[in-house]
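The values are calculated or read from the model by the stated rules, or taken from the named source; none is laboratory data. Here the structure is a predicted model, which is why all the values come from computation and not from measurement. Note that each Cβ is placed from the backbone with ideal geometry, even for glycine, and that neighbours are counted across all protein chains shown. All accessible areas refer to the heavy atoms of the entire protein, side chains included, with ligands and DNA or RNA removed. Shrake-Rupley method; radii C 1.70, N 1.55, O 1.52, S 1.80 Å.
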Amino acid sequence: MSFTYRDRVRADIRRWAALGLIDAEQERRLDADVAGRSGLVRVQVALAVAAALLLGTAAIAFVAANWDGMSPFARLLLLLAADALAVGLACTAALRAREALRAGAAQGGHLGWLAEVLTLLSLAVATGSIALMGQTFHLPADTRAFAVTIAALGTATALLTRSGGAGGVAALALAVAAWPGLDHPVIGARPLPWSAWAVWAALAAGMLWGRIPARPLGLLLVLVPLALQVTAAIGTDGPHADAGALAVLAFGLIATAHAGQRVSRLPARLRTGLGHAETAATGLVLAAVLIGVAGQFGWPAAQAGRALPQLLLLAPCLGLLCLPRLLGHGPLPIGHLILAAAALASLAFGPVAADADAVEAVSVWKVLVPVLGVAVAAQLDERRSLSGGALAAGGVVILALLMLSGDLIGVSLQLLIAGGLAALAIGLSLRLQRRLAADTP
Amino acid sequence: MIGLPLRRAGRRGTFAAFALVFLVQAAPSIQIALDQSRRLASGRPVLLATATKDPRDLFRGEYSILSYEAGQPAGLAAAPDLAERQAGCDLAGGDCRLAAGTPVHVTLRPGPDGLHHAASIAVARPAGEGLVLRGTVQFGSLTRRGEGKPGACAHDLCFSGAIAYGIERWYGPQGVPANLDTLDRGRIRVRARVGEDGIAALDAILIDGEDFARTPRL
């Protein structure tokens, strides 16, 4: 637990106690629980990862120095023994963690983390084994096939041991496999083979179902290959990063995950998984907006042109999000609407002219406001990481605007107007809050 | 952190899960070793002309890139199925480019110099006892007889481009691939072993007809 988060929780506990939501005994127990979660645990885990990396690299370097003198059989045996050792140690750590947790010992959590690190180490050893066997038999590099194999190993490891880290490695490997122009830069995007999609489906299902522990960031990684392949398929042209296609996909996923969560009798863990997927898809909206921004700044690989069919495809997604609320007289999903407005604002403008020698002042509305809109929408839906990411991106965009603009006075004027509108929105929000408080009996 | 339900699993269940993890993780390495050793032991030998370059792989050390004569054919006799199975191929319009990654079968014939040369190319594996290598098109195009430069296509349909056979890399000890690159390309040959499925395995690098480096077996 980070100290900042601990301070925040303690402040919340004081507030709940002051409001009378918890009594003094509950306050004391909550305080004790927060104090018991030492920030040192993360330091120890980080050190364990660093130690595993250093020792692993040292072992590989030592073996590599004598590699040529060994027969292939001896090489294979050595690699399998290293993998068996890592898996065995991970198994021992997992068993001890289980026993410690049953006994209620605090070190159970530490051992659980150690098991996770050792499981990841075993995956790294298996990855190295495949590469070294390829070297032994002079197999050519096939990055995509290699990445799909690692994804399959990572997914199997994650499903069997319920390792979130192995799931993350698998998701990352699939994203690499789906990357356009990986082995053929000239050719660009190639469809993933069915085997990769089978691995992807198993990984996504495992994460959604809760079999593989995953946070929204992990699910966002899982969405990357889908986004890369789908945008390549429905994008406007070639191996470009297409903001419009990505926004359509993101809102399609948000609407589907949102609708899925409303299904009654849905298992709780699947509902949680769908919630994480919705947050992850919101991250894709930020990616779409940023690609749009890159296109506005003239980055050639970013396709940010007006794409009416793709913009029109957003309508049914928004309808799926809003209609149930309207029919049920519930509040509108304001966060999603702001998000959609941010995406539309980013996509509705064409890219900068190729012969423009500077970014025009009005770009404040084209590039900065959409990014900040994502930050506001994320904050509204309590997606703090996404909000932080969008704010950081906003900071970068401001710097880029100042550096690339040929009209600093114009930019400052536009920034002033945008800032004034934001302040006005704060005032309205405070007034609304006061009125709601007055209406509440 | 390892998920909570595993911690609730029995001791045997946890052990079985990790045992299965080891089997899954070990399987690809074992499969590579067995497949390649079997191919090297039972494959039919072919001798190929080649040229080398010596880049360095960050993860797998120094190696030579082997560019085979059979991998860069020009005006090679092509079967009609190569054009038929290619979307967007406009032979009449003189524009029939093959998509990268298209799987092909290249028939080899021994020449008077003792080397095997590409004789024809097709998508479907040709029937018969001939030596056939399986490869993938890197880039290439098809032309008809009489099209293009004079004498460029002496068959009904010709292929020109690049084909990879999966034997384009040779990993060697530090410094050796660089030395190999300095040799006259006419002195270097590669002996490959071709399995019944048409997949080739690099058996040996030959210099002046003598084994310079031989791929070890299990």
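Go through A:ALA353, A:ALA345, A:ALA438, A:ALA358 for me and flag whichever is in contact with a Ser or Thr (Cβ under 7 Å, 6 or more places away or on another chain), at pLDDT below 80 and either of a type in the set (Lys, Arg) or surrounded by fewer than 19 Cβ atoms within 10 Å (Cβ to Cβ) (or both).
Details: A:ALA353 fails: in contact with a Ser or Thr (Cβ under 7 Å, 6 or more places away or on another chain); A:ALA345 fails: in contact with a Ser or Thr (Cβ under 7 Å, 6 or more places away or on another chain); A:ALA438 fails: in contact with a Ser or Thr (Cβ under 7 Å, 6 or more places away or on another chain).
Exactly one of A:ALA353, A:ALA345, A:ALA438, A:ALA358 is in contact with a Ser or Thr (Cβ under 7 Å, 6 or more places away or on another chain), at pLDDT below 80 and either of a type in the set (Lys, Arg) or surrounded by fewer than 19 Cβ atoms within 10 Å (Cβ to Cβ) (or both), namely A:ALA358.
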Have a look at A:LEU76, A:LEU85 and point out the one that is at pLDDT 85 or above, over 31 Å from the mean Cα position of the chain (by Cα) and facing chain B (nearest Cβ under 7 Å). A:LEU76
Listed by first then second residue, the pairs whose first member lies in the stretch B:67-96 and is closer than 22 Å to B:GLY166 by Cβ, whose partner is among the acidic types (Asp, Glu), with beta carbons under 8 Å and at least 6 positions apart or on separate chains, are B:SER67/B:GLU168; B:TYR68/B:GLU168; B:GLY71/B:GLU168
Of the residues in the stretch B:115-133, those that are open to solvent by 40 Å² or more (accessible area, probe 1.4 Å) and either in contact with a Pro (Cβ under 7 Å, 6 or more places away or on another chain) or over 17 Å from B:GLY195 (Cα atoms) (or both) number 1
So, in the stretch A:242-300, how many residues would count as being open to solvent by less than 10 Å² (accessible area, probe 1.4 Å), over 21 Å from A:GLY389 (Cα atoms) and modelled with pLDDT of 85 or more? 3
Filter the stretch A:106-145 down to residues that are more than 10 Å from chain B (Cβ to nearest Cβ), under 23 Å from B:ILE199 (Cβ atoms) and open to solvent by 50 Å² or more (accessible area, probe 1.4 Å), then give me how many there are. 1
Consider B:GLU196 against the criteria (1) away from every other protein chain (no Cβ under 11 Å); (2) more than 30 Å from B:ASP90 (Cβ to Cβ); (3) in contact with an Asp or Glu (Cβ under 7 Å, 6 or more places away or on another chain): it satisfies all of them except one. Which criterion is unmet? (3)
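Name the residue that is nearest to B:ILE30 (Cα to Cα), counting only residues in the stretch B:205-218 that are more than 10 Å from chain A (Cβ to nearest Cβ) and surrounded by 13 or more Cβ atoms within 10 Å (Cβ to Cβ).
Narrowing the stretch B:205-218 to residues more than 10 Å from chain A (Cβ to nearest Cβ): B:206-212, B:214.
If we keep only those that are surrounded by 13 or more Cβ atoms within 10 Å (Cβ to Cβ) too, we end up with B:206-207, B:212, B:214.
Details: B:LEU206: 28, B:ILE207: 31, B:PHE212: 27, B:ARG214: 20 Å.
Out of the qualifying residues, it is B:ARG214.
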Would it be correct to say that A:THR161 is more than 9 Å from chain B (Cβ to nearest Cβ) and in contact (Cβ under 8 Å) with a residue 24 or more places away in the chain? no
Select, from B:LEU82, B:LEU76, the only residue that is touching a Leu at 6+ places or on another chain (Cβ under 7 Å) and away from every other protein chain (no Cβ under 14 Å). B:LEU82
Could you run through the stretch B:147-179 and say how many residues are surrounded by 20 or more Cβ atoms within 10 Å (Cβ to Cβ), away from chain A (no Cβ under 13 Å) and not in a strand (DSSP E or B)? 1
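Working carefully through the options B:ALA33, B:ALA83, B:ALA78, find the one that is crowded, with 20+ Cβ neighbours inside 10 Å, over 30 Å from A:ALA131 (Cα atoms) and modelled with pLDDT of 80 or more. Talk me through it step by step, then tell me what you get.
Numbers: B:ALA33 fails: over 30 Å from A:ALA131 (Cα atoms); B:ALA83 fails: crowded, with 20+ Cβ neighbours inside 10 Å.
Answer to the check: B:ALA78.
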What number of residues within the stretch B:180-204 satisfy the criterion of being outside any helix (DSSP H, G or I) and open to solvent by less than 40 Å² (accessible area, probe 1.4 Å)? 11
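I'm trying to understand the selection: among the residues of the stretch A:388-411, which are more than 17 Å from A:VAL293 (Cα to Cα), open to solvent by less than 60 Å² (accessible area, probe 1.4 Å) and at pLDDT below 85?
First pass over the stretch A:388-411, keeping only residues more than 17 Å from A:VAL293 (Cα to Cα): A:388, A:406-410.
Now narrow it down to the ones that are open to solvent by less than 60 Å² (accessible area, probe 1.4 Å): A:388, A:410.
Within the stretch A:388-411, A:GLY410 is the sole residue that qualifies.
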